[in-house]
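Student: First, the structure itself, so that you have it in front of you.
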Protein chains: 2
Amino acid sequence: MSEAPEFLRPVKVHAADKGQTVTFGPDKPLKLDCGKSLSPFTVAYMTYGTLNAAKSNAVLVCHALTGDQFVASENPVTGKPGWWTTTVGPGKPIDTDRFFVICANVIGGCMGSTGPASIDPATAKPYGLSFPLITIRDMVRAQGMLVEHLGIAKLLAVVGGSMGGMQALQWAAAYPERVRAVMPIASAARHSAQNIAFHEVGRQAIMADPDWRGGEYQLHNVSPSKGLAVARMAAHITYLSETALQRKFGRSLQDREALSFQFAPDFQIESYLHHQGRSFVDRFDANSYLYITRAMDYFDLAADHDGKLGHAFGAHPPRFCIISFTSDWLFPPAENKSVAHALNAVAANVSFVEIKSDKGHDAFLLDEPEMFQAVKGFLNALADS
Amino acid sequence: MSEAPEFLRPVKVHAADKGQTVTFGPDKPLKLDCGKSLSPFTVAYMTYGTLNAAKSNAVLVCHALTGDQFVASENPVTGKPGWWTTTVGPGKPIDTDRFFVICANVIGGCMGSTGPASIDPATAKPYGLSFPLITIRDMVRAQGMLVEHLGIAKLLAVVGGSMGGMQALQWAAAYPERVRAVMPIASAARHSAQNIAFHEVGRQAIMADPDWRGGEYQLHNVSPSKGLAVARMAAHITYLSETALQRKFGRSLQDREALSFQFAPDFQIESYLHHQGRSFVDRFDANSYLYITRAMDYFDLAADHDGKLGHAFGAHPPRFCIISFTSDWLFPPAENKSVAHALNAVAANVSFVEIKSDKGHDAFLLDEPEMFQAVKGFLNALADS
């Protein structure tokens, strides 16, 4: 068999690397919020642990903006450990010895689920910007179809951080009868003006790169790597706290004794950012970055329900455990708290955990014993009840 | 006389638009921290009000990163009012009926003072990246020569916000005997890791633009406008507070009733950022942006004095009035306070004013009555004493 054309592999994800996949054919289109449908479409996912006979121990983990389905196992593209091995695995807070964990690449992503880099069957070329705009609700709709495909009528829980938390909240709104509890971590029920602004800077950086070619870079065998790296660098600053940056890097110089009086990186923080930018472009697709950031910008759960967040979750909402970190300025505690307040107002069963941490938004990915305890305690109590 | 070649006018500043200028010849080179000298070099400046007979009423106002000498009069490039007409002018807190106000474009700038867009006499071409790296100290050294040229032995005060505040602090350190008081506003004695990070993102955005051409864009009659606009957009977010963005824009849509499901700006905050980016590239030189941000990154007054900020100002420091805004996350109150503490430790005469405001870093440019009162009160008391 001949090698696939280069544009079939915009990011280095090969068929064997996607984990498991399910493709929904023309009989099961994905109806999108924009009014269009996506068909056929594929969802790439991973599972960990064993589904019990009652099919009552399934936990769906939702990934953040640049995450993927490899939550608890080596990422085949980067060769690095899964992105949440701190939290998911045997004996971990989301214990795969007890729970059946599912994690799917979002629609619009670039790790095997259908996204802008996928081939549009109508043209036999990559979608590029002809891919329809997707929303968090669309992502969750695709996950709903996956969960149904796996024969699971009711999930024990949906858990996710950042954009993953948006999906968890959307699950509670879209399918309150199909999930017993949701756990949004370091998240929000709407994207703030400041966050939209940062996303727009990233998108403009990508689109300003002439190698973006109006989104058709795959057809030209080029890649807007410089623009994507700038987008990543800007975003990365928002994932950390000022305190963490100061502690980690301060004004320390990189491999030198004195200022160089040149534009090459003098400071460790600069080298660190460059590294973040470089390594990101090797694993992520620029158009996926555009689509997924846009989906986050569009997210506003209250607006979908007459401006009343409490009304989003129906008469019988699932249980909620909302976790937030004090130094997270991207999804600040106040945003998380306002979700808890809205839920209290409709007498939902909600726990709110504010964790003191100086690690910023990224805290949810890091070693945070208080978070581990909250996640573990909540899930185990739920499963035992 | 024939039209000057295009590269002589990288930004639309014509000779007549620079205000006043003084050019220091080969006998008066500007000795730079990097070890090189700049010669000849020009300082473009504006003055407002009248120098009294005792020459004791001169106030030097220092501008921020993208500011210029047009502090209190129409900017000839943009046609807009001066950048600090809230604070400087007849009857204003820095009252030009009483004080003789001087404001100079910094070395490295692009409004008439020698900078990377200036012609290198050695090559008869724009300096571009062959322009030496400059520091805040170098900027202040050039200002010191200007003030001497104006025949002023001792300034009443040096006042500035943001990078202007860095210059004010540097004045106190470099020439404590030539200034009676300094007033750094929304500033810091060193640039933080987070601020260096944001600057590096901006620089990378500029350098990623192929029209930057290794800094030689003037020779090619092009301009890295897209990269510079991205840099400006990212920076602009840091000038505002999350609260101000939420109040001003929230999630309001721009000229539409519903989400467009396209990448064009849906949200007002996006249109606003685009506008900021577009208007900036019309008035600012990309290489100047690189040089001036680097100068800010390099600023660390304590490091220049064995790590002890208190030691920076000599045995007879001038008086200090330090002003800070609660919602400024670029130069947070804690940074400003630490300067005050260091000064207290060496028994300097220091006032510290923390102003409650939700307008972020930009507050110092806006209508802030408490700041007006502090500036006016401090300056008048100083002049009366």
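Student: Can you list residue pairs whose Cβ atoms sit under 8 Å apart, with the first residue in the stretch B:68-80 being under 22 Å from B:F100 (Cβ atoms) and at pLDDT below 95 and the second being surrounded by 14 or more Cβ atoms within 10 Å (Cβ to Cβ) and among the aliphatic types (A, V, I, L, M)? Count only pairs 6 or more apart in sequence or on different chains.
Tutor: B:P76/B:V13
Student: In the list A:H274, A:H220, A:H199, which residue meets the criterion of being in contact with an Asp or Glu (Cβ under 9 Å, 6 or more places away or on another chain), surrounded by fewer than 16 Cβ atoms within 10 Å (Cβ to Cβ) and not hydrophobic (A, V, I, L, M, F, W, C)?
Tutor: None of the other options fit; the residue is A:H220.
Student: For the stretch B:48-56, does any single residue satisfy the condition of being more than 14 Å from chain A (Cβ to nearest Cβ), buried (at least 21 other Cβ atoms within 10 Å of the Cβ), out of contact with any Asp or Glu (no Cβ under 7 Å at 6 or more places or on another chain) and under 29 Å from B:Q218 (Cα atoms)?
Tutor: No, because not a single residue in the stretch B:48-56 is more than 14 Å from chain A (Cβ to nearest Cβ), buried (at least 21 other Cβ atoms within 10 Å of the Cβ), out of contact with any Asp or Glu (no Cβ under 7 Å at 6 or more places or on another chain) and under 29 Å from B:Q218 (Cα atoms).
Student: From A:S351, A:S327, A:S357, A:S338, which residue is of a type in the set (S, T, N, Q) and touching a Gly at 6+ places or on another chain (Cβ under 7 Å)?
Tutor: A:S327
Student: If you don't mind, there's one more thing I want to ask. I'm checking my understanding of the structure. Among residues of the stretch B:278-300 that are among the basic types (K, R) and part of a helix (DSSP H, G or I), which one is nearest to the other protein chains (Cβ to nearest Cβ)?
Tutor: Here the answer is B:R294.
Student: Given the criteria within 14 Å of chain A (Cβ to nearest Cβ) and buried (at least 17 other Cβ atoms within 10 Å of the Cβ), does B:I269 qualify?
Tutor: Yes; evaluated as a whole, the condition is true for this residue.
Student: Moving to a separate point now. How many residues does the stretch A:204-253 contain that are over 24 Å from B:I237 (Cα atoms) and of a type in the set (S, T, Y)?
Tutor: So the count comes out to 3.
Student: In the stretch A:348-381, which residues are loosely packed, with under 15 Cβ neighbours inside 10 Å and either in contact with a helix residue (DSSP H, G or I) (Cβ under 9 Å, 6 or more places away or on another chain) or among the basic types (K, R) (or both)?
Tutor: A:N349, A:K356
Student: Being of a type in the set (K, R), closer than 26 Å to B:A193 by Cα and surrounded by fewer than 21 Cβ atoms within 10 Å (Cβ to Cβ) narrows it down to one of A:R256, A:R232, so name that one.
Tutor: Within the list A:R256, A:R232, the selection yields A:R256.
Student: What about A:T96, is it under 19 Å from A:F378 (Cα atoms) and touching a helix residue (DSSP H, G or I) at 6+ places or on another chain (Cβ under 7 Å)?
Tutor: no
Student: Right, here's the next one. For the stretch B:16-41, what are the residues that are at pLDDT 95 or above and either crowded, with 18+ Cβ neighbours inside 10 Å or among the small types (G, A, S) (or both)?
Tutor: If the condition is that a residue be at pLDDT 95 or above and either crowded, with 18+ Cβ neighbours inside 10 Å or among the small types (G, A, S) (or both), then B:F24, B:G25, B:L30, B:L32, B:D33, B:G35, B:S37, B:L38, B:S39, B:F41 are the ones that fit.
Student: Has the stretch B:29-43 got any residue that is away from chain A (no Cβ under 14 Å) and more than 30 Å from A:D266 (Cβ to Cβ)?
Tutor: Checked the stretch B:29-43: no residue is away from chain A (no Cβ under 14 Å) and more than 30 Å from A:D266 (Cβ to Cβ).
Student: Give just the number: which of (1) crowded, with 19+ Cβ neighbours inside 10 Å; (2) out of contact with any Gly (no Cβ under 6 Å at 6 or more places or on another chain) does B:A315 not satisfy?
Tutor: Failing condition for B:A315: (1).
Student: Got at least one residue in the stretch A:56-72 being closer than 22 Å to A:R180 by Cβ and either hydroxyl-bearing (S, T, Y) or not assigned by TED's automatic domain parsing to the domain that holds A:V140 (or both)?
Tutor: For the stretch A:56-72, residues closer than 22 Å to A:R180 by Cβ and either hydroxyl-bearing (S, T, Y) or not assigned by TED's automatic domain parsing to the domain that holds A:V140 (or both): present.
Student: Restrict the check to the stretch A:202-213 and report whether at least one residue is within 22 Å of the chain's Cα centre (by Cα) and within 22 Å of A:M139 (Cα to Cα).
Tutor: yes
Student: In the stretch B:29-54, how many residues are out of contact with any Leu (no Cβ under 7 Å at 6 or more places or on another chain) and among the aromatic types (F, W, Y)?
Tutor: Qualifying residue count, the stretch B:29-54: 1.
Student: Let me ask something else. Just for the stretch A:318-334: of the residues that are within 14 Å of chain B (Cβ to nearest Cβ) and within 20 Å of A:M296 (Cα to Cα), which one is surrounded by the most Cβ atoms within 10 Å (Cβ to Cβ)?
Tutor: A:D328
Student: Scan the stretch B:177-194 residue by residue and report those that are in contact (Cβ under 8 Å) with a residue 40 or more places away in the chain and out of contact with any His (no Cβ under 9 Å at 6 or more places or on another chain).
Tutor: Selection gives B:V179, B:R180, B:A181, B:V182, B:M183, B:P184, B:I185, B:S187, B:A188, B:A189, B:R190, B:S192.
Student: Can you name the residue in the stretch A:217-257 that is of a type in the set (K, R) and part of a helix (DSSP H, G or I) and, of all such residues, is nearest to the other protein chains (Cβ to nearest Cβ)?
Tutor: Within the stretch A:217-257, the match that is nearest to the other protein chains (Cβ to nearest Cβ) is A:K226.
Student: Look through the stretch A:128-149, keep the residues that are within 15 Å of A:T42 (Cβ to Cβ) and more than 14 Å from chain B (Cβ to nearest Cβ), and return whichever of them is surrounded by the fewest Cβ atoms within 10 Å (Cβ to Cβ).
Tutor: Going through the qualifying residues, I end up with A:H149.
Student: Among the listed residues B:A205, B:A174, which satisfies the condition of being in contact (Cβ under 8 Å) with a residue 12 or more places away in the chain, small (G, A, S) and buried (at least 24 other Cβ atoms within 10 Å of the Cβ)?
Tutor: B:A205
Student: List the number of the failed condition for B:G214; all other conditions in (1) surrounded by 24 or more Cβ atoms within 10 Å (Cβ to Cβ); (2) of a type in the set (G, A, S); (3) more than 7 Å from every other protein chain (Cβ to nearest Cβ) hold.
Tutor: (1)
Student: Return the only residue of A:A303, A:A264 being within 12 Å of chain B (Cβ to nearest Cβ), at pLDDT below 95 and crowded, with 16+ Cβ neighbours inside 10 Å.
Tutor: Going through A:A303, A:A264 in turn, just one is within 12 Å of chain B (Cβ to nearest Cβ), at pLDDT below 95 and crowded, with 16+ Cβ neighbours inside 10 Å: A:A303.
The values are calculated or read from the model by the stated rules, or taken from the named source; none is laboratory data. Since the structure is predicted, the reported quantities are computational estimates derived from the model, not experimental observations. Note that each Cβ is placed from the backbone with ideal geometry, even for glycine, and that neighbours are counted across all protein chains shown.
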